[in-house]
Structures are given as C-alpha cells and as structure tokens.
Amino acid sequence: FFPSHDPFVSLMGSLATFGVGFVTRPIGAYVLGGYADRHGRKRAMLLSMMMMGAGIALLVLTPGYARIGVLAPIAAVTARLLQGLALGGEVGSATIYMMEASDPYKRGFTISWQGASQGISATVGALVGLLISLVLTGPELTSYGWRIALGLGLFIVPVALMVRSSLPETLDLPEEVDSTVVAADGYARIVVLGILIIGTGTIATYIFHYMATFGQNTLHLSTAVSMAGEFANNGIGILLALWAGALSDRHGRRPLMIWPQLLFVLGIVPSFLWVTTSRTAFAFIGGNVVLSILTGFQYSAVYAAISESLPRLVRARAFALVYSIPVALFGGTTQLVITWLLKVTGEPMAIDWYLTAVSVLGLIGMILMRESAPARLARS
C-alpha cells in the first residue's frame with residue numbers, strides 16, 4: 001500500500017495505517033455505547049461485529065499500490081477507520097454485558113474473559129503469523145501471505161453473529177448487588193482514573209504487540225523467533241487473566257491491581273536488559289514470558305472495578321469512552337513513537353525506559369481507585 005525504497009519509510013507508513021483506525025474509536029464508543037445504553041447491549045454487539053467484518057473484508061480484498069495506485073492506501077485507511085468505529089463500541093457493550101449477566105460475586109472472573117479473549121485472539125494471530133512465516137518466503141509474505149492471515153478473521157464473523165443473536169438482553173435486568181460507588185452525575189473520578197490506568201496498559205499492550213517487529217528490525221532475529229516471542233507473550237497471559245479475575249472476586253480489586261503492577265514496574269528493565277544484551281532466541285522468548293507473567297494479573301481487576309463502579313444509565317458509553325480514548329491516543333501512536341525512539345537513539349533499551357515511565361503512572365492511578373468488589377464491600 002505504501003511503496004518506498006526506504007524500509008524505514010515503508011514501516012512507518014504501515015504503522016500509520018494501523019494507527020489511523022484508533023482515531024474513530026472514541027466516535028464508535030460514544031455512538032454505539034449510547035446505542036447500547038438506550039436500546040440494549042445485544043443490538044450494539046451485533047452491529048459492531050457486522051462493521052468489523054466489513055472492515056476486514058475491505059482490507060483483505062483491496063489490491064496493492066502497483067495495481068490501483070493511490071486508491072490502495074485510501075481503501076486501507078477507510079477499512080481501518082471502519083474497524084475503529086466497530087471496536088470503539090464493541091468493548092463497552094461486550095464488557096458491560098458480561099458484568100450484568102454474571103453472578104455479582106463472580107464479576108471479576110466473568111469480566112476477565114474480556115482480557116483473556118483478547119489474549120486468545122492475539123495468541124492465535126501470532127501463531128498464524130508464525131506458521132505462515134515457516135511456510136512462505138519473505139516475498140511471498142509481503143505479496144499475499146498477510147492477506148491469508150487477515151482473511152482468516154472473516155470466518156469468525158458469522159459464528160459471532162449467531163452466538164450473539166442467541167443471547168438474552170441484560171439492560172433491564174434487576175441488579176441483585178449494586179456496587180456502584182457514585183451517582184449517575186458524579187462519576188468523573190472513575191472516568192479520569194480509568195483513562196489513566198487503561199492508557200498505561202494500552203501502551204504496554206502495544207509495545208508487546210510490537211515485539212515481533214522489535215525482534216526482527218532491532219535485534220535482527222529471524223521472523224520465526226520474533227513471532228514465537230510474541231506468541232509466548234500473549235499465550236501466558238490468558239490463564240493469568242482468568243486466575244486474577246477469580247482472585248479479585250475474593251480478595252478485592254485493589255490488591256490485584258496494585259501489587260502486580262508494582263512488580264511489573266520493577267521487572268521491566270531487567271527483562272529488557274536480558275533480551276537486548278543476549279539477543280538470542282532463548283532470551284527473547286524468555287523475556288517476553290517474564291513480562292507477560294508480570295503484567296497478566298492486574299487488568300481483569302481493572303475492568304471489573306471500572307465497569308461495576310459506573311451507573312447503569314451511562315455504563316456502556318462511559319466504559320467504552322474510558323477504554324477507547326486512551327486506546328485512540330496511545331494504541332495508534334505507541335508503535336510509531338517507539339520506532340522513532342529506536343531510530344533516533346540507536347539504543348534498544350529506549351523502549352523499556354519509556355514503558356517503565358508510563359507504567360508508574362498506571363500504578364498511581366490504581367492506588368487512587370476505590371474498592372468495588374461486592375464481596376469486599378459486604379465485609380467492610
């Protein structure tokens with residue numbers, strides 16, 4: 001889509017196309033989140049899935065620049081904008097649906113599937129990339145291999161629509177235990193802290209998604225090793241997210257946010273130092289596993305704390321905006337920023353100092369969050 005004789009310019013062009021999809025996420029959060037609050041979570045989830053399928057299909061089927069010229073990047077950007085709209089409304093509706101449909105004393109575990117399912121999809125995506133990289137050559141990957149990987153995502157659309165059509169609506173269900181800590185007109189604290197925490201988590205997530213590129217371009221490891229590192233990073237976090245969600249139901253949201261985040265902050269520099277100095281397959285994959293373990297606990301508790309602290313009348317839209325605004329600001333720019341940092345500093349360790357700084361901000365936000373787990377509130 002972006003031909004260039006300079007590999008750095010081509011990489012920045014592709015990352016910018018990836019990033020532009022985040023621009024429309026807050027719009028999708030506001031529009032589809034409001035739709036979910038007025039007309040139901042189920043309808044909003046069906047609509048977001050249809051929009052996502054259309055965005056994927058457009059990107060997969062668009063010919064390259066050599067065949068249709070400037071229409072190629074225009075179509076690619078349009079597809080990413082459509083995907084952003086869909087994802088902006090998807091997260092709020094889906095997360096709030098899980099929260100409202102679950103046993104109040106098992107909300108943490110139920111909502112942990114939000115993060116775990118993202119981990120599953122990212123792991124499957126990394127696995128597909130790994131397998132294709134083992135079968136196809138570099139030119140074949142560039143020519144059509146990526147279309148195969150992305151096109152596989154289309155197969156989930158009809159399955160998802162069928163599953164979502166069978167779900168009962170939760171918008172008007174009575175809440176047996178309401179742990180909302182603020183009234184409908186006074187939830188600014190939750191919104192601000194949520195944006196701060198999820199913003200730092202977003203930067204960490206997209207740095208982890210960048211690890212395959214980091215392994216190839218900066219550490220000069222093979223594509224297979226780089227994909228394996230990203231696969232390991234995603235895979236280990238799935239079980240940890242589910243376990244952490246269950247633990248937060250028993251012990252509260254705050255302990256499961258604060259202590260894991262502190263350990264993550266302290267473990268970033270040693271992990272990256274090992275990866276960047278050794279530059280071996282073992283160190284790269286091992287470093288990714290360590291970081292994944294350290295960051296695999298806190299966000300199940302974060303999602304539960306935010307969603308159950310918001311009033312029902314604005315819950316889907318508010319959660320969607322809390323999630324999508326930092327994702328829009330940092331999800332689409334993080335990989336551009338760290339690519340630029342690595343380029344101008346020439347120092348592979350630049351990436352971990354950036355991650356450490358923003359993770360400290362997330363830790364502060366977690367410390368300031370109030371407890372919202374029904375089991376803990378019942379005991380207090």
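The values are calculated or read from the model by the stated rules, or taken from the named source; none is laboratory data. Predicted model, so just to flag it, every value in this text is computed and none were measured. Glycine also receives a Cβ, built like all others from the backbone with ideal geometry; neighbour counts cover every protein chain displayed. Note: areas computed on protein heavy atoms with side chains; ligands, DNA, RNA excluded. Shrake-Rupley method; radii C 1.70, N 1.55, O 1.52, S 1.80 Å.
The length gained on full extension between Arg67 and Glu140, counted as 0.36 nm times the residue separation minus their Cα-Cα distance, comes to 24.6 nm.
Which translational diffusion coefficient, to the nearest whole µm²/s, is obtained for segment 224-380 from the Stokes-Einstein equation, given a Kirkwood hydrodynamic radius over C-alpha pairs, 4 °C and 1.567 mPa s?
Rounded, D is 76 µm²/s.
A Stokes-Einstein calculation at 20 °C with viscosity 1.002 mPa s, built on the Kirkwood radius of the chain over Cα pairs, returns a diffusion coefficient of 101 µm²/s.
Ignoring ligands, DNA and RNA, what percent of the accessible area of segment 217-359 is carbon or sulfur (1.4 Å)?
Accessible surface attributable to carbon and sulfur in segment 217-359 totals 75 percent.
When both segment 224-274 and segment 12-45 are represented by their alpha-carbon centers, they are found 26 Å apart. Of the residues Leu152, Ile197, Ile293, the one whose Cα sits farthest towards the positive end of the charge dipole of the chain is Ile197 (charges of +1 on Lys and Arg Cβ, -1 on Asp and Glu Cβ, taken about the Cα centre). Note that segment 12-117 shows a convex hull volume over its alpha carbon atoms of 102 Å³ per residue. In terms of its Cα atoms, segment 229-298 spans 41, 22, 10 Å along the principal axes, sorted from long to short. Maximal additional length on extending the Ser121-Met50 stretch stands at 23.8 nm, based on 0.36 nm per residue less the C-alpha distance. 3J(HN,Hα) along segment 142-151, derived from phi through the Karplus expression 6.51 cos²θ - 1.76 cosθ + 1.60 where θ = phi - 60°, amounts to 5, 6, 9, x, 5, 5, 5, 4, 5, x Hz, with x in place of Gly and Pro. Placing Val302, Val23 in order of accessible area, with the largest value first and a 1.4 Å probe, yields Val23, Val302. The loop-placed trypsin sites (Lys or Arg not before Pro) in segment 274-370, going by DSSP, that have at most 16 neighbouring Cβ atoms within 10 Å of their Cβ come out as Arg279, Arg370.
Note on Val191: accessible area is roughly 40 Å² with a 1.4 Å probe, heavy atoms of protein only.
Show that you can apply the helix-only estimate: for the chain, add -39,500 (n - 2.57) for every DSSP H stretch of four or more residues, divide by all residues, and state [θ] at 222 nm to the nearest 500.
Dividing the helical sum by the residues of the chain leaves -25000 deg cm²/dmol.
Based on alpha-carbon atoms, the Kirkwood radius and the radius of gyration of segment 186-258 give Rg/Rh equal to 1.13. In the chain, the longest principal axis of the Cα atoms and the axis of helix 298-308 are about 40 degrees apart. With the whole protein complex present, Glu90 retains an accessible surface near 30 Å², based on a 1.4 Å probe.
If R0 equals 22 Å, the separation of the Cβ atoms of Val269 and Ile364 corresponds to a calculated FRET efficiency of about 0.75. In the context of the full set of protein chains, residues of the chain present 43 Å² of accessible surface per residue (probe radius 1.4 Å, heavy atoms only). Counting only protein heavy atoms and using a 1.4 Å probe, the accessible area of Tyr30 comes to about 120 Å².
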